[in-house]
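First up is the structure itself, then whatever we jot down about it.
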Amino acid sequence: MRRVETVIVGGGISGLACGRALYQAGREFLLLTDRLGGRMHASVDGLNYGAAYVTRDYKHVLQFVDKLAENRMRDVYFWDGRRMINVFHPSNLARAAAFARLYRLLIPFREHVNRLRRRTPDTCQKALLEQDPLLERYVRLSAEELIAEQGLEELTEIFVGPLLFSTLFLTYQEVNAFFYLAIMFPSLITAYTVDVRNAVRRLTAGWRDRIMMQKATAIDGFENKERFEIKAGDELYSARNLVLAVPGHNLEGLAPVECTAKQVPYCTLHVRGTRRSHYMPGKTVFLREEHPVRVLWHQPGDADVIFSGSTGPDLSEYYEHYEITGTVAWKTACQISTDTWRPLMPRENLFTIGDHNILGLEDSYLTGLFAANRIARTTPG
Ligand SMILES: Cc1cc2nc3c(=O)[nH]c(=O)nc-3n(C[C@H](O)[C@H](O)[C@H](O)COP(=O)(O)OP(=O)(O)OC[C@H]3O[C@@H](n4cnc5c(N)ncnc54)[C@H](O)[C@@H]3O)c2cc1C
């Protein structure tokens, strides 16, 4: 049996952030993973199949990815019931008051989220939520209640609903106000499509030898024993600290930890072809619920990324001719928290990190820093 101070299970951004910070703190650890990068996933020629956009509030993640293009709202189109429009279309003058109400909510919400982010490396997200009445209210409030309270019905039907549905694969009736508002950040602040191909190399610089390409298959020690025993392949590891950096569907088989986040599966498709003029070639188009696919997301280099419930949808409605050049099916693409946030440290020496509370690369990264900082504060052993 190999003894080590800390084992991290999972090599997505949260596990890698934890490994990087432990390496910088001079601590002993191993990271076990069956795949590096996790949902940050691109093909060798740079096609994104997983996380692909960041905002300028992604202070940590921006160090590791390469910006490809700024996502401009004027290039993003929605169906208003009669035609495709962007947010600058003259018809939106009639909706100016509703937009103002939405942005009056978004501006302080962003400040509170960023305050939570600044403190996440040192304090559990759940505790921070409990200390912040505004964020806590948005976690407990359904999006539907917020929409009714603020008179956002029409904006939701045309803009926010399709954005939510295309990105999270959920209707606004299924999410809380926190996700409803968070999905709108790219309309408030600069957002970029990024190339993630170099991210793993940059994140693991100096400590690549601590990574074991193995899948953890069984873990013992959750009953307050002093050490965890982790089985991976033919190896058995004994660790004082265990960091589980895997999404809910993987966590459930590994640990007696209840996963309350809603797990949403979907497929990412890469498509080359000629879009029909009605579907705005060269632009990004968000589609409504009645469509079999969710977004026609124009990419630098002239391909489209499409999110779909299946790997082979009929796209002839959208393209004159097309070729699906690649697909990836995600068991858990998104995890959407309910009104109960998960503690990142359910007990001494055990951490469950990632996007169980807040979806996205930056917040997942920050949970990795939290685990590493807690471990780095203890005496080595
Ligand atoms: C299609 C798609 C688009 C997205 N778009 C964006 C976006 O544009 N911007 C954004 O910020 N976020 C986006 N997200 C969300 C973002 O990717 C995730 O929130 C984030 O990557 C989660 O990171 P993680 O490290 O917690 O988990 P993951 O990235 O899922 O990493 C978990 C890792 O653990 C490994 N693993 C699982 N079980 C085991 C085991 N038993 N033993 C060893 N290893 C194991 C997995 O192989 C994986 O490598 C998107 C996600 C998807 C799927």
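Computed from the coordinates by the stated procedures, all read-outs in this text should not be read as laboratory data. All values reported here derive from a predicted model rather than from experimental measurement. Positions of Cβ are backbone-derived with ideal geometry, glycine not excepted, and every protein chain shown enters the neighbour counts.
Overview of values
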quantity	calculated
Under Karplus coefficients 6.51, -1.76 and 1.60, residue-wise ³J(HN,Hα) of the stretch 253-269 in Hz, glycine/proline x	x, 9, 9, x, 10, 6, 10, 8, 5, 6, 9, 10, x, 6, 10, 9, 10
Approximate spin-label separation GLN150-THR325, in nm, with each point projected 7 Å along Cα-to-Cβ	3.8 nm
Spin-label proximity, ASP314 to the stretch 254-295 - amide N less than 17 Å from point 7 Å beyond Cα toward beta carbon	276, 290-294
Long-range HN-HN contacts of ASN241 with modeled amide H, under 5 Å	THR6, VAL7
Inter-label distance for THR171 and PHE88, nm, one decimal - labels placed 7 Å from Cα along Cα-to-Cβ	3.4 nm
Dipole magnitude (debye, nearest 20) for the chain, charges at Cβ of Lys, Arg, Asp, Glu	1100 debye
Amide N of the stretch 329-350 lying under 17 Å from the label point, which is placed 7 angstrom from the Cα of HIS249 along Cα→Cβ	329-337
Whole-Å semi-axes of the ellipsoid equivalent to the stretch 263-381 (Cα gyration tensor, √5λ, descending)	40, 15, 12
Shape category assigned to the stretch 172-265 from the gyration tensor of Cα positions, a/c cut at 1.5	oblate
Rg and Dmax of the chain, Cα atoms only, in Å	21.3, 69
Residue among GLY381, ALA232, MET73 farthest towards the positive dipole end of the chain, charges placed on Cβ	GLY381
Nearby lysines by direct alpha-carbon distance to LYS262 (threshold 26 angstrom, same-chain neighbours under 8 apart not counted)	LYS126, LYS215, LYS331
Structure-based [θ]222 nm, the chain - -39500 (n - 2.57) summed over DSSP H runs of at least 4, per residue, nearest 500	-8000 deg cm²/dmol
Among GLY12, GLY301, GLY282: highest mean-square fluctuation, GNM of the chain, C-alpha pairs under 10 Å	GLY301
ASN176 long-range amide H proximity, modeled H, under 5 Å	ALA143
Dipole of the chain, positive direction: furthest Cα of PHE178, SER277, SER310, with charges on the beta-carbon	PHE178
Distance-filtered residues of the stretch 237-256 - backbone nitrogen under 19 Å, label point 7 angstrom along ARG3 Cα→Cβ	237-243
Test item: Cα-centred dipole of the stretch 291-358, Lys/Arg +1 and Asp/Glu -1 on Cβ, debye	500 debye
GNM flexibility winner over the chain from ASP355, ASP132, ASP209 (Cα, springs under 10 Å)	ASP209
Three-way shape label, the stretch 60-188, alpha-carbon gyration tensor, a/c 1.5	oblate
